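Just below is one structure, and these are the notes that go with it.
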Amino acid sequence: MGQYFEIQTVGFGAADLAYRLSNHPTGTWSKQKRFYRPHEYNTKDIIIYAAKAHLHLTGADLILTYATNYFDFGKLVKDDKAYYSRFLKTRIEP
């Protein structure tokens, strides 16, 4: 895209993934552009956080990860799928 790219989650608990663009690493940054709602979004007591871009990985135009967890510790220890990074292959076009 020829610009600096920042990936983030938007929200607390259930969250969407969004990105911002800038011509300089110190800003001014664009407004958040939401582009993905994780399938875990509607899970009760879920936390979706730590979205990151991994430009060094190959297999798609852009590979991202995000993490999930629970507000309820009891659910976390019962759900062995909860505390692992999720990978997302995507393409973002301005």
>> Suppose the filter is more than 17 Å from Tyr4 (Cα to Cα) and in contact with a helix residue (DSSP H, G or I) (Cβ under 6 Å, 6 or more places away or on another chain); does Ala67 pass it?
In response: no
> In region 9-39, which residues are over 22 Å from Ala82 (Cα atoms) and of a type in the set (Lys, Arg)?
Replying inline: Arg20, Lys31, Lys33, Arg34
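Here, each number is a calculation from the coordinates, and none is a lab measurement. Keep in mind it's a predicted model, so treat the numbers as computed, not measured. Backbone-built Cβ (ideal geometry, glycine too); neighbour counts: all protein chains shown.
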